[in-house]
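Q: Before I ask anything, here is the structure I am working with.
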Amino acid sequence: MKPNVIVALLVGLVLGFVGGRAITGGTTKDSAAANKPAAAANAARPNARQVDPTVFKVPIDGSPVKGNADALVTLVEFSDYQCPFCSRADATVKQLQKDYGSKLRVVMKQNPLSFHPRAKPAALGALAAGEQGKYWEYHEKLFANAKALEDSNLESYAQELGLDISRWKASMAKPELTALIDRDQALAGKLGASGTPAFFINGRFLSGAQPIDNFKGLIDEELGKAEALTRSGTPASQVYAAIIAKGVESAPRNNPREQQAPAQAYRKVDAPADAPAFGPKDAKVTIVEWSDFECPFCSRVGPTLKQIKETYPKDVRVLFRHQPLSFHPNAKGAAEASLAAHEQGKFWEYHDKLFANQRALDRASLEKYAQELGLNMGQFKAALDSGKFRAKVEADSAAGTAAGANGTPTFFVNGREFVGAQPFDNFKKIIEEEKARAEKLLASGTKQADLYAKLIEEGVKSNGSAPQAQAPAEAPVQNIEVGNAPARGPKNAPITIVAYSDFECPFCSRVLPTLKQIEDEYKGKVRVAFKNQPLAFHANAKPAAAAALAAHEQGKFWEYHDKLFANQRSLDRASLEKYAQELGLNMGQFKAALDSGKYDAQVAADMSEATRVGVNGTPTFFINGRSVVGAQPPDAFKRIIDEELKKKGSVAADQK
């Protein structure tokens, strides 16, 4: 999904590419009155976000626990050992344990997500280690080696910890441990914690790998309440039980924590006659989907689309268009293969095969699925060998990008943008609204053949006046100095854009044309500075960041920056040296900078600053300190730039 949407949603997209989303709400009058010290602590943390005051009844029996039984605050975490956001959050949790000491108890619950195949074996390995008193040590091994979770790796970690391997293996096979994981997952679903990591702090929900200040704001608030309980006679060891005693046991069905279907803008979206589709051509509602066969969120929406087909057989048409993301190596080939199957009348059958086998999309597997469906194999292979459908896939992708479908899955319902693997009820709400709009046009004389075009035309016209979902309050303006960061544009420019980016992040590369357009259109008025936020699950991002700074030392940062983004799949050491050589850098100086770790401290400082100002994903921009999250279209940048220029103009006029 789009990073900006992922920040707003994350159940779903679980995009995946950014951690969790913020849960907004407020404190009750009683809790605020009882906790003036906590309120003061929160006031000192301008980035700490308010959290829903609802207390959930989260049992901790039978789960691994770290901390004192009489801790005043209990943090329960639902986690997945293959989830990069969970490993990032683990560092935050460890820091919280240092900062709060005996006041904080941490409880781990397992929620291995279905699209992380090694997460459940890893969880079993940790629980089996726990039977020998080494759960937390094993837990640390897993997060330190999140990309090495094969059976052999899991066994090696057990050996390194001195476990009895025979006993450990026997424990892993116990049905009781599998049942424990199943119990934790059922509890997560019941509580509305459908993504990872998810936290309950004295029963209050906080979602995602959020900045540490967001945790501290909530912990401080709960400490105030807990201390009030102990003063009134509740033993410290009974505080957690007392707090959750009256808690709710499950999230409401229409849980505000679940992604909702916000009213989105209408876009001019074509519905090509040759696109794979189901449903009547003269349907009142046309849904155009941009999807990627290697994207786990796209596969999740399959059952919802089938439900739509069954519920609205005469009123809804669904068209499938391709948006293979650059970091999914087999997605483009799978897209071409699906169109080769479409040529033989078997697109949807082949579509289902691909989504059922997302981890096996190499050429041999693509041919195997075609054979299983009885396709003409000569014709199918010839289509792939010749690249017959390559241009079609690329055209779909370009059209999707133009419409704003930068992440997958993205849907347009009669042109109305709808992002992510959302539940049927969310689709139904928009379908019903769009169906009513279509019926109104038909009643006023619009011909059935012209209906879709008319719906799009009216929708686009209404963008400026139609009521939109209430936008979240803008984040506080941050004071960010450019310092020694690479920058281009006049030092005295009225607009400074600071980008926090990751050279291995596909969304960071996608936003480059937008930045170029902004720099061209506001020539002389914009200065762009680059800061590093290499994400933990991008193995080559940190070395690439250091290499870019080594190129900066020789006056070639932006040229090297462009090389890295043009070659995101080749960022190993040999490639980094190759790009430096191509740019004519002094190779001895360049290599020495990398070998000595000369720029590691600057990268670390950038990352620390990013955390301080609330950067949860990449790319994130600050325009005169105002944040823009994700690879957003030019208009999102222009709106803020124009507002800032207007402010500067007003100040200049006043000074005259």
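The values are calculated or read from the model by the stated rules, or taken from the named source; none is laboratory data. Just so we're clear, the structure is a prediction, and the values are computed from it rather than from any experiment. Backbone-built Cβ (ideal geometry, glycine too); neighbour counts: all protein chains shown.
Q: Among the hydroxyl-bearing types (Ser, Thr, Tyr) and crowded, with 19+ Cβ neighbours inside 10 Å: which single residue out of 196, 178 fits that description? Break it down into steps so the answer makes sense when it comes.
A: Numbers: 178 fails: crowded, with 19+ Cβ neighbours inside 10 Å.
Unique residue meeting the criteria: 196.
Q: What is the number of the single condition among (1) among the hydrophobic types (A, V, I, L, M, F, W, C); (2) over 22 Å from residue 272 (Cβ atoms); (3) assigned to a helix (DSSP H, G or I); (4) in contact (Cβ under 8 Å) with a residue 24 or more places away in the chain that residue 339 does not meet?
A: (2)
Q: Just to check your reading of the model, which residue among 310, 294, 289 is crowded, with 18+ Cβ neighbours inside 10 Å, among the acidic types (Asp, Glu) and not in a loop (DSSP other than H, G, I, E, B)? Please lay out each step first, then the result.
A: Details: 310 fails: crowded, with 18+ Cβ neighbours inside 10 Å; 294 fails: not in a loop (DSSP other than H, G, I, E, B).
That would be 289, the only listed residue that is crowded, with 18+ Cβ neighbours inside 10 Å, among the acidic types (Asp, Glu) and not in a loop (DSSP other than H, G, I, E, B).
Q: Taking only the stretch 611-638 into account, find how many residues are surrounded by fewer than 21 Cβ atoms within 10 Å (Cβ to Cβ) and assigned to a helix (DSSP H, G or I).
A: Total meeting the criteria: 6.
Q: If you don't mind, there's one more thing I want to ask. Do you know which residues across the stretch 573-618 are of a type in the set (Ser, Thr, Tyr) and touching a strand residue (DSSP E or B) at 6+ places or on another chain (Cβ under 8 Å)?
A: Step one: list which residues in the stretch 573-618 are of a type in the set (Ser, Thr, Tyr), which gives 575, 579, 596, 599, 608, 611, 618.
Scanning the stretch 573-618 gives a single hit, 618.
Q: Filter the stretch 415-429 down to the residues that are under 17 Å from residue 455 (Cβ atoms) and within 20 Å of the chain's Cα centre (by Cα), then identify the one that is surrounded by the fewest Cβ atoms within 10 Å (Cβ to Cβ).
A: 417
Q: Tell me which of these residue 102 doesn't satisfy, since it passes every other one: (1) more than 16 Å from residue 80 (Cα to Cα); (2) surrounded by 19 or more Cβ atoms within 10 Å (Cβ to Cβ); (3) out of contact with any strand residue (DSSP E or B) (no Cβ under 6 Å at 6 or more places or on another chain); (4) of a type outside the set (A, V, I, L, M, F, W, C).
A: With respect to (1) more than 16 Å from residue 80 (Cα to Cα); (2) surrounded by 19 or more Cβ atoms within 10 Å (Cβ to Cβ); (3) out of contact with any strand residue (DSSP E or B) (no Cβ under 6 Å at 6 or more places or on another chain); (4) of a type outside the set (A, V, I, L, M, F, W, C), residue 102 is out only on (2).
Q: Look through 385, 396 and report the one residue that is among the charged types (D, E, K, R), in contact with a strand residue (DSSP E or B) (Cβ under 8 Å, 6 or more places away or on another chain) and assigned to a helix (DSSP H, G or I).
A: Within the list 385, 396, the selection yields 396.
Q: Consider only pairs whose beta carbons are under 6 Å apart and that are at least six residues apart or on different chains; among these, list those whose first residue lies in the stretch 353-376 and is closer than 21 Å to residue 297 by Cα and whose second residue is among the hydrophobic types (A, V, I, L, M, F, W, C).
A: 354/293; 354/334; 361/334; 366/337
Q: Additional query: Quick check on the stretch 582-592. Is at least one of its residues assigned to a helix (DSSP H, G or I) and either modelled with pLDDT under 90 or buried (at least 19 other Cβ atoms within 10 Å of the Cβ) (or both)?
A: Initially, the stretch 582-592 is screened for residues assigned to a helix (DSSP H, G or I), giving 582, 587-592.
When the remaining residues are screened for being either modelled with pLDDT under 90 or buried (at least 19 other Cβ atoms within 10 Å of the Cβ) (or both), the result is 590.
Checked against the condition, which is being assigned to a helix (DSSP H, G or I) and either modelled with pLDDT under 90 or buried (at least 19 other Cβ atoms within 10 Å of the Cβ) (or both), the stretch 582-592 yields at least one hit.
Q: Looking only at the stretch 399-415, count how many residues are in a helix (DSSP H, G or I) and of a type in the set (S, T, N, Q). Outline the logic, then answer.
A: Taking the stretch 399-415 as the starting set, the residues that turn out to be in a helix (DSSP H, G or I) are 399-403.
Remaining after also requiring of a type in the set (S, T, N, Q): 401.
The qualifying residues number 1.
Q: Moving to a separate point now. Please go through the stretch 313-324 and give me each residue that is surrounded by fewer than 23 Cβ atoms within 10 Å (Cβ to Cβ) and in contact (Cβ under 8 Å) with a residue 60 or more places away in the chain, ordered by number.
A: Hit for the stretch 313-324 is 315, nothing else.
Q: Conditions first: (1) without any contact (Cβ under 8 Å) to a residue 60 or more places away in the chain; (2) in contact with an Asp or Glu (Cβ under 8 Å, 6 or more places away or on another chain). Residue 122 passes all but one, so which condition is the exception?
A: (2)
Q: So which residues in the stretch 378-414 are hydroxyl-bearing (Ser, Thr, Tyr) and surrounded by fewer than 23 Cβ atoms within 10 Å (Cβ to Cβ), if there are any at all?
A: Here is the first cut: in the stretch 378-414, the ones hydroxyl-bearing (Ser, Thr, Tyr) are 386, 397, 401, 408, 410.
If the condition is that a residue be hydroxyl-bearing (Ser, Thr, Tyr) and surrounded by fewer than 23 Cβ atoms within 10 Å (Cβ to Cβ), then 386, 397, 401 are the ones that fit.
Q: Do any residues in the stretch 566-589 that are closer than 14 Å to residue 556 by Cα have Cβ atoms under 6 Å from those of residues that are part of a loop (DSSP other than H, G, I, E, B), where the two are at least six apart or on different chains, and which pairs are they?
A: 583/556; 585/554
Q: Taking the condition in the same structural domain as residue 84 (by TED's automatic domain parsing), closer than 24 Å to residue 86 by Cα and either over 23 Å from the mean Cα position of the chain (by Cα) or among the polar types (S, T, N, Q) (or both), does residue 227 pass? Steps first, please.
A: Values: in the same structural domain as residue 84 (by TED's automatic domain parsing): yes; closer than 24 Å to residue 86 by Cα: no; either over 23 Å from the mean Cα position of the chain (by Cα) or among the polar types (S, T, N, Q) (or both): yes.
Against the criterion (in the same structural domain as residue 84 (by TED's automatic domain parsing), closer than 24 Å to residue 86 by Cα and either over 23 Å from the mean Cα position of the chain (by Cα) or among the polar types (S, T, N, Q) (or both)), residue 227 does not qualify.
Q: Still on this structure, please answer the following. Checking the structure you have, find out if any residue of the stretch 222-241 is at pLDDT below 90 and under 23 Å from residue 79 (Cβ atoms).
A: From the stretch 222-241, those at pLDDT below 90 are none; that's our starting set.
No, the stretch 222-241 contains no residue that is at pLDDT below 90 and under 23 Å from residue 79 (Cβ atoms).
Q: Of all residues in the stretch 377-387, which are closer than 14 Å to residue 344 by Cα and in contact (Cβ under 8 Å) with a residue 12 or more places away in the chain?
A: Going through the stretch 377-387, the residues closer than 14 Å to residue 344 by Cα turn out to be 377-384.
Passing the criteria: 379, 380, 381, 383, 384.
Q: Can I ask one more? Looking only at residues that are out of contact with any Leu (no Cβ under 8 Å at 6 or more places or on another chain) and in a helix (DSSP H, G or I) in the stretch 101-139, which one is nearest to residue 226 (Cα to Cα)?
A: The first filter runs over the stretch 101-139 and keeps only residues out of contact with any Leu (no Cβ under 8 Å at 6 or more places or on another chain), leaving 101-102, 108, 111-117, 120, 123, 130-131, 133, 136, 139.
Within this subset, residues satisfying the condition of being in a helix (DSSP H, G or I) are 101-102, 120, 123, 130, 136, 139.
Details: 101: 15, 102: 14, 120: 35, 123: 32, 130: 30, 136: 26, 139: 29 Å.
Out of the qualifying residues, it is 102.
Q: Same structure, new question: Is it the case that residue 641 is crowded, with 16+ Cβ neighbours inside 10 Å, farther than 22 Å from residue 562 by Cα and in contact (Cβ under 8 Å) with a residue 40 or more places away in the chain?
A: Numbers: crowded, with 16+ Cβ neighbours inside 10 Å: yes; farther than 22 Å from residue 562 by Cα: yes; in contact (Cβ under 8 Å) with a residue 40 or more places away in the chain: yes.
Yes.
Q: Which condition does residue 230 not pass, out of (1) β-branched (Val, Ile, Thr); (2) within 15 Å of residue 103 (Cα to Cα); (3) crowded, with 21+ Cβ neighbours inside 10 Å, if it passes all the others?
A: Status for residue 230: all satisfied but (3).
Q: Which residue is modelled with the lowest pLDDT, if the candidates are limited to the stretch 48-72 and must be over 29 Å from residue 181 (Cβ atoms) and surrounded by fewer than 18 Cβ atoms within 10 Å (Cβ to Cβ)?
A: 50
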